[in-house]
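J.: This is the structure, below, for whatever I ask next.
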Amino acid sequence: MRVVFLFSAFFSILALATITMFLFVSGVPFIAKTGFAKFLFGSDWIPLADNPSYGIFPMIVASLYVTALSVIIGIGIGLLTAIALYKFCPKKLVAPIRQMINLLAGIPSVIFGLFGMTIVVPFIRDYVSPTGVGYGILSASLVLGIMILPTIVSVSLDSLNSVSNTYYEGALALGATKEQATFKIMLPAAKSGILAGVVLAVGRAVGETMAVIMVIGGSPERPTSLFQSVRTLTANIAMGAMESSGDTLSALIATGVVLFVFTLILNVSFSLLKIDKRDKADGKKEKRGTKK
Amino acid sequence: MNEFIGSMDITAKGCNLYYGDFHALKDINIEIPEKQVTALIGPSGCGKSTFLKIFNRMNDLVEGCRMEGEYRIGGVDIFDKETDVNVLRKNVGMVFQKPNPFPMSIYDNIAFAPRTVGITKRSELDEIVERSLRRASIWDEVKDRLRKNALGMSGGQQQRLCIARSLAASPKVLLMDEPTSALDPISTGKIEELMEELKKDLTIVIVTHNMQQATRIADKTAFFLLGELVEYGNTDDIFTSPRDERTERYITGRFG
Amino acid sequence: MRKLYSALKYVCIACLAISLIALVAVVAYVLINGIGNLSFNLVFGEYKPDAPTLLPALVGTLELVAIAAIIAVPIGIASAIFLVEYTNNKGKFVKIVGIATETLAGIPSIVYGLFGYLIFVVAFGWGYSLLGGAITLAIMILPTIVRSTQESLLSVQGGLREGAYALGTSKVRTIFKIVLPSAAGGIVTAIILAIGRVVSESAVLILTIGMVVNKVPETLMAPGTSLALDIYYFANHGRPDEAAATAVVLLILVMLLNLLAGWIGNLIKKSTYGDAK
């Protein structure tokens with residue numbers, strides 16, 4: 001039996017290795033052939049031309065814009081929501097609201113996409129956009145921002161709740177108001193947990209595909225405006241793969257490699273944040289130990 | 001394979017036990033007679049529980065635990081290659097400090113050990129369950145709710161259920177690791193009476209913090225201190241005329 | 001300064017309101033637009049070009065869930081058992097597996113889709129198939145199942161294992177008769193949540209199962225579609241009414257699964273632990 005269990009435990013490693021291998025074996029040679037700089041920083045994506053060109057720089061830029069903007073929206077609103085739930089909300093309401101938010105975290109991303117496509121995009125086109133285009137970075141960021149809200153609220157609220165309440169009481173005892181104690185003492189103390197939540201949110205925003213392709217437009221153009229049809233890395237893979245073969249396919253895999261490496265970096269920084277947090281906790285313990 | 005038949009006295013020769021670098025038990029020699037109650041006493045951390053757990057080899061599960069010496073139950077070397085640890089444990093029951101009934105019905109708790117050895121016939125299981133519960137003098141309290149979850153019982157009942165669960169494996173030795181330390185005085189009394197009954201057929205070794213308990217129930221008492229066996233003898237002698245000064249200091253309550 | 005912080009308090013409360021309104025709006029939008037377009041024929045009827053139905057998607061979704069669960073659940077539980085019961089959740093191997101599962105959990109679903117496309121559609125030559133999509137989904141949900149099972153196993157009190165060993169029970173029997181039943185509540189919750197993820201997922205499927213919306217798949221090797229994929233298809237093919245109606249079906253299904261997960265988990269916990277816990 002032990003061997004069966006052991007083999008199963010190996011499966012995760014095997015799966016990761018296979019995924020990495022398949023992507024890199026097909027993707028890296030293509031990047032090498034195209035030229036590393038030309039692929040990453042080339043600004044023309046014309047895969048179906050007689051003289052094709054594979055530059056994903058516009059997609060990288062679009063991904064960065066969408067991620068940054070959606071995380072700003074999501075974190076801004078989500079963190080403040082968590083703070084409201086933490087101290088400024090009638091106690092009776094906290095549990096049901098939290099449960100509701102948790103439940104809403106399960107809404108499939110394609111439904112967010114549909115909502116974006118039929119509500120957000122027309123709204124922006126008609127009332128906000130100076131160019132008359134509703135698709136684009138702003139729509140995608142709004143939809144993604146709403147989508148990552150539940151995650152950010154839960155993570156932030158958890159890290160706020162994990163801060164010892166004695167800090168809060170201590171601050172009140174020194175004459176701070178409830179609000180001062182919350183913003184000046186509790187919020188900084190929960191910093192590392194909230195930061196981990198930010199990294200998690202960035203990961204989701206970078207990796208999201210469905211909600212994005214339904215509202216971003218999809219032209220492989222260099223983004224110059226928030227209201228312009230563009231393409232993220234994920235959208236590039238999804239849209240390209242449905243209609244391509246041969247070299248184009250390799251180009252998509254290479255895009256996948258870039259995305260994969262990016263999420264790996266995020267993952268590593270996420271675990272580093274966690275380790276950092278643990279070290280700090282250990283440090284505290286040691287200090288206490290030496291005092292004794 | 002070694003079988004456990006015949007007399008059930010316990011011997012340990014040249015017992016040394018280490019947790020990593022820590023020398024937890026130091027050169028212990030002891031002979032524990034069968035069908036009597038032997039109490040192991042001493043302050044916390046003196047190694048008495050560790051010593052107890054040698055005899056059903058529960059220390060095997062502890063990482064970094066290393067031991068020397070010769071250990072026999074009824075003449076059988078319990079660390080011999082020919083001794084199956086699971087057979088040993090069926091013959092040497094154990095009751096833990098904290099009652100640990102399995103999260104299942106009272107009936108299934110008792111039937112667990114017999115089912116492990118392949119007894120599946122309903123009538124046979126029914127009989128074992130009733131006999132074990134009667135021997136643990138808890139039958140009358142639970143006979144109407146055998147199908148109820150065992151975790152619904154009181155702490156004292158849970159502990160007697162755990163004793164019954166051990167008895168269902170028909171052990172010849174019963175190791176008890178502070179079995180009453182989590183219980184109220186009435187439950188404690190019941191379990192002490194029970195031990196008096198059980199020792200007619202079983203060798204019982206009990207670790208206890210409570211010296212009155214040792215004087216009430218034990219025929220023999222062993223006093224442990226800092227991993228050493230300081231003194232071992234008849235309970236009356238240990239408590240009335242200890243030979244070692246450290247024993248005297250302990251039983252008169254001057255340390256530990 | 002005090003005034004600033006009091007003002008911030010109201011900003012927070014406003015954000016709470018915005019969050020709730022935004023999230024509720026998504027749900028309300030789906031329900032309002034979709035329910036009117038729901039009909040028995042839309043969900044269960046036979047697919048016709050002028051009257052598309054969800055029957056192929058229902059069959060596809062069911063098959064995807066079943067295969068993904070059949071693959072991921074045993075492997076996930078077995079690997080958690082190895083990590084917790086055989087290595088005490090310590091040591092180098094556990095660390096490496098931990099890093100691997102965490103990395104797998106962080107990979108975007110479109111990358112899983114790309115992988116599934118490369119291996120099943122291209123390398124194995126299966127073309128678009130439900131089986132390929134399901135296996136890819138199984139790999140995707142594996143890390144969640146491993147991690148939650150690990151947590152459930154770790155929460156089983158050590159005393160129960162000791163008690164079983166002390167009765168002369170073998171390790172394997174202890175695992176299957178004592179540890180797993182004691183952890184069943186948490187494990188079942190995790191499995192249902194994982195199924196919820198399979199039902200919600202669409203990016204993986206775009207690249208692996210082919211989005212053939214008009215035909216009930218005859219075999220597992222046939223291309224197909226799922227409810228989530230249908231929403232994308234309808235939305236992009238000028239059928240907003242059908243898209244909204246499908247969204248209602250999917251939303252209800254996913255919400256039910258999420259609610260069910262906690263409810264069934266608690267029910268099992270209650271039946272294993274009685275009312276004591």
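J.: Residue check, A:SER63 against (1) open to solvent by 50 Å² or more (accessible area, probe 1.4 Å); (2) within 14 Å of another protein chain (Cβ to nearest Cβ); (3) more than 30 Å from C:PRO74 (Cβ to Cβ); (4) of a type in the set (Gly, Ala, Ser), all met but one. Which one?
T.: Unmet condition: (1).
J.: Working carefully through the options A:ILE73, A:ILE56, find the one that is touching a residue at least 40 places away in the same chain (Cβ under 8 Å), more than 8 Å from every other protein chain (Cβ to nearest Cβ) and open to solvent by 40 Å² or more (accessible area, probe 1.4 Å).
T.: A:ILE73 is the lone residue from the list that is touching a residue at least 40 places away in the same chain (Cβ under 8 Å), more than 8 Å from every other protein chain (Cβ to nearest Cβ) and open to solvent by 40 Å² or more (accessible area, probe 1.4 Å).
J.: Return the total of residues in segment B:46-85 being outside any strand (DSSP E or B) and without any contact (Cβ under 8 Å) to a residue 60 or more places away in the chain.
T.: Residues that pass the stated criteria total 14.
J.: May I pose another question? Could you tell me whether any residue of segment C:263-270 is more than 14 Å from chain B (Cβ to nearest Cβ) and either open to solvent by less than 40 Å² (accessible area, probe 1.4 Å) or more than 22 Å from the chain's Cα centre (by Cα) (or both)?
T.: yes
J.: Here is a follow-up. If you check C:PRO240 against the conditions, is it over 18 Å from C:ALA72 (Cβ atoms) and more than 7 Å from every other protein chain (Cβ to nearest Cβ)?
T.: When the stated conditions are applied, C:PRO240 does not pass them.
J.: Could you list, in sequence order, all residues of segment B:112-139 that are small (Gly, Ala, Ser) and under 16 Å from B:ILE163 (Cβ atoms)?
T.: Selection gives B:ALA113, B:SER132, B:ALA136, B:SER137.
J.: With (1) touching a Pro at 6+ places or on another chain (Cβ under 7 Å); (2) more than 9 Å from chain C (Cβ to nearest Cβ); (3) not aliphatic (A, V, I, L, M) as the list, and A:THR118 as the residue in question, which single condition is left unmet?
T.: The single condition A:THR118 does not satisfy is (2).
J.: Moving on to the next point. Within the group C:ILE107, C:ILE81, which residue is surrounded by 20 or more Cβ atoms within 10 Å (Cβ to Cβ), of a type outside the set (Gly, Ala, Ser) and closer than 16 Å to A:LEU6 by Cα?
T.: One residue alone meets the criteria, C:ILE81.
J.: Being more than 11 Å from chain C (Cβ to nearest Cβ) and either more than 14 Å from the chain's Cα centre (by Cα) or open to solvent by less than 20 Å² (accessible area, probe 1.4 Å) (or both) is the filter here; which residues of segment A:195-219 pass it?
T.: Within segment A:195-219, A:ALA196, A:GLY197, A:ALA201, A:ILE216, A:GLY217, A:SER219 qualify.
J.: One residue is enough: does segment B:9-21 have a residue meeting the conditions in a loop (DSSP other than H, G, I, E, B), under 28 Å from B:SER132 (Cβ atoms), open to solvent by less than 10 Å² (accessible area, probe 1.4 Å) and not basic (Lys, Arg)?
T.: no
J.: Now for a different question. Looking at (1) of a type outside the set (A, V, I, L, M); (2) outside any helix (DSSP H, G or I); (3) at the interface with chain A (Cβ under 10 Å from one of its Cβ atoms), which is the only condition C:ASN89 fails?
T.: (3)
J.: May I pose another question? Considering only segment C:212-231, I want to know if a residue exists there that is over 20 Å from C:VAL59 (Cβ atoms) and either within 11 Å of chain A (Cβ to nearest Cβ) or touching a residue at least 24 places away in the same chain (Cβ under 8 Å) (or both).
T.: no
J.: Quickly run through segment A:13-51 and pick out the residues that are of a type in the set (S, T, N, Q) and either part of a strand (DSSP E or B) or over 19 Å from C:GLY113 (Cβ atoms) (or both).
T.: Residues satisfying the conditions are A:THR34, A:SER43, A:ASN51.
J.: Restricting to segment C:24-51, name every residue that is in a loop (DSSP other than H, G, I, E, B) and either within 26 Å of C:THR144 (Cα to Cα) or in contact with a strand residue (DSSP E or B) (Cβ under 8 Å, 6 or more places away or on another chain) (or both).
T.: C:GLY45
J.: Shifting gears a bit: Under 8 Å by Cβ, and 6 or more places apart or on different chains, what pairs join a residue from segment A:1-15 that is more than 7 Å from chain C (Cβ to nearest Cβ) with one that is hydroxyl-bearing (Ser, Thr, Tyr) and open to solvent by less than 50 Å² (accessible area, probe 1.4 Å)?
T.: Cβ pairs passing all conditions: A:PHE10/C:SER79.
J.: Search segment B:193-209 for residues being among the charged types (D, E, K, R) and in a helix (DSSP H, G or I), and hand back the single one that is least open to solvent (accessible area, probe 1.4 Å).
T.: Step by step, filter segment B:193-209, then rank; the result is B:GLU196.
Every residue, every condition in (1) under 30 Å from A:GLN99 (Cα atoms); (2) facing another protein chain (nearest Cβ under 8 Å); (3) outside any loop (DSSP other than H, G, I, E, B); (4) not hydrophobic (A, V, I, L, M, F, W, C), yes or no:
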| position | (1), (2), (3), (4) |
| --- | --- |
| C:LYS3 | no, no, yes, yes |
| C:ALA7 | yes, no, yes, no |
| C:ALA17 | yes, no, yes, no |
| C:ILE21 | yes, no, yes, no |
| C:THR53 | no, no, no, yes |
| C:VAL59 | no, no, yes, no |
| C:LEU62 | yes, no, yes, no |
| C:VAL65 | yes, no, yes, no |
| C:ALA69 | yes, no, yes, no |
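J.: Could you please give the count of residues in segment C:188-239 that are open to solvent by 10 Å² or more (accessible area, probe 1.4 Å), polar (S, T, N, Q) and in a helix (DSSP H, G or I)?
T.: So the count comes out to 3.
J.: Within segment B:90-112, can you find the residues that are touching a Lys or Arg at 6+ places or on another chain (Cβ under 7 Å) and within 11 Å of another protein chain (Cβ to nearest Cβ)?
T.: Within segment B:90-112, B:ASN91, B:SER105, B:ILE106, B:ASN109, B:ILE110, B:PHE112 meet the criteria.
J.: Within segment C:139-185, work out how many residues are open to solvent by less than 10 Å² (accessible area, probe 1.4 Å), within 12 Å of chain B (Cβ to nearest Cβ), under 29 Å from A:LEU14 (Cβ atoms) and of a type outside the set (Val, Ile, Thr).
T.: Count: 1.
J.: When you go through C:VAL59, C:VAL122 one by one, which is the residue that is aliphatic (A, V, I, L, M), open to solvent by 10 Å² or more (accessible area, probe 1.4 Å) and farther than 23 Å from A:THR20 by Cβ?
T.: Result: C:VAL59 is the single residue among C:VAL59, C:VAL122 that is aliphatic (A, V, I, L, M), open to solvent by 10 Å² or more (accessible area, probe 1.4 Å) and farther than 23 Å from A:THR20 by Cβ.
J.: What about C:VAL254, is it within 11 Å of chain A (Cβ to nearest Cβ), β-branched (Val, Ile, Thr), in contact (Cβ under 8 Å) with a residue 60 or more places away in the chain and surrounded by fewer than 24 Cβ atoms within 10 Å (Cβ to Cβ)?
T.: Considered against the rule, which asks whether it is within 11 Å of chain A (Cβ to nearest Cβ), β-branched (Val, Ile, Thr), in contact (Cβ under 8 Å) with a residue 60 or more places away in the chain and surrounded by fewer than 24 Cβ atoms within 10 Å (Cβ to Cβ), C:VAL254 comes out as no.
J.: On to the next question. Could you please give the count of residues in segment C:110-138 that are more than 12 Å from chain A (Cβ to nearest Cβ) and either under 29 Å from C:GLY185 (Cβ atoms) or among the β-branched types (Val, Ile, Thr) (or both)?
T.: Selection size over segment C:110-138: 2.
J.: Mind checking which helices (runs of 4 or more DSSP H) fall wholly inside segment B:210-256 and carry at least 2 residues that are among the polar types (S, T, N, Q)?
T.: Answer list for segment B:210-256: B:211-217, B:235-240.
J.: Where in segment A:138-251 are there helices (runs of 4 or more DSSP H), lying wholly inside it, with at least 2 residues that are charged (D, E, K, R)?
T.: Fully inside segment A:138-251 and qualifying: A:191-207.
J.: For segment A:102-137, give me each residue that is in contact with a helix residue (DSSP H, G or I) (Cβ under 7 Å, 6 or more places away or on another chain), over 16 Å from C:ALA235 (Cβ atoms) and buried (at least 24 other Cβ atoms within 10 Å of the Cβ).
T.: Scanning segment A:102-137 gives a single hit, A:ILE137.
J.: I would also like to ask the following. Hey, among B:LYS172, B:LYS190, B:LYS148, which residue is open to solvent by 10 Å² or more (accessible area, probe 1.4 Å), more than 21 Å from B:GLY47 (Cα to Cα) and more than 14 Å from chain C (Cβ to nearest Cβ)?
T.: B:LYS190 is the lone residue from the list that is open to solvent by 10 Å² or more (accessible area, probe 1.4 Å), more than 21 Å from B:GLY47 (Cα to Cα) and more than 14 Å from chain C (Cβ to nearest Cβ).
The values are calculated or read from the model by the stated rules, or taken from the named source; none is laboratory data. The structure displayed is predicted, hence computed values, not measured ones. Every residue, glycine among them, receives a Cβ derived from its backbone with ideal geometry; neighbour counts consider all protein chains shown. Accessible surface is based on the protein model in full, side chains and every heavy atom, while ligands, DNA and RNA are left aside. Shrake-Rupley method; radii C 1.70, N 1.55, O 1.52, S 1.80 Å.
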